[in-house]
Amino acid sequence: MAIKIKAVQKRNPQKPTEPTKWYPQAVGDGEINLSDLAMYASSVSTVSKADILAVLETVLTKVTHDLSEGKIVRVGEHFTLQMGITGSPSEKEEDVTGAKVKSAHILFRPGKMLSDMIKVATFKKK
């Protein structure tokens, strides 16, 4: 199945005097939630949806806790999660403290399976 795209007009911020151009942008096509994932897993295994949901909730709670402690979370060969930050610069090393952190975010690094999927993805205008 193809990933849906739409055309979006954008200006090049590095060349603001040039005319705008049209670029493809991926469009979301529905949502899948934790319950849907558990239902699918239940349909291809002998484990109940309730048991799968309990395991997924427990795992995601653990992932959240580990990320908050600065750990890198490797989910098999599927993907890796890690905390990242942006901060204010300092003139001296000793001035770098937690107060210099402006914001935090989660870094997502796809593993082999997801990277391979990206390589063979097809696209179709919505």
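Structure data summary
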read-out: Gain in span if fully extended, A54 to K6, counting 0.36 nm per residue against the direct Cα distance; value: 13.5 nm
read-out: Accessible surface of the chain, 1.4 Å probe, proportion on carbon and sulfur as whole %; value: 59 percent
read-out: Mean projected area in nm² (Cα convex hull; one quarter of hull surface) for the stretch 27-78; value: 5.1 nm²
read-out: Per-residue [θ]222 nm for the chain (sum of -39500 (n - 2.57) over DSSP H runs n ≥ 4, rounded to 500); value: -10000 deg cm²/dmol
read-out: Extension gain (nm, one decimal) between H65 and E93, 0.36 nm per residue minus Cα-Cα; value: 7.2 nm
read-out: Per-residue SASA entry for R11, accessible area with 1.4 Å probe, Å² rounded to 10; value: 130 Å²
read-out: 16 Å tail of the calculated P(r), the chain, as % of Cα pairs; value: 79 percent
read-out: Where the chain is the region considered: accessible area per residue in Å², 1.4 Å probe; value: 82 Å²
read-out: Exceeding the 22 Å Cα-Cα cut-off - candidates K62/K102; K6/K119; K10/K124; K71/K119; value: K62/K102; K71/K119
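The values are calculated or read from the model by the stated rules, or taken from the named source; none is laboratory data. Since the model is a prediction, treat every value here as computed from it, not as a measurement. All accessible areas refer to the heavy atoms of the entire protein, side chains included, with ligands and DNA or RNA removed. Shrake-Rupley method; radii C 1.70, N 1.55, O 1.52, S 1.80 Å.
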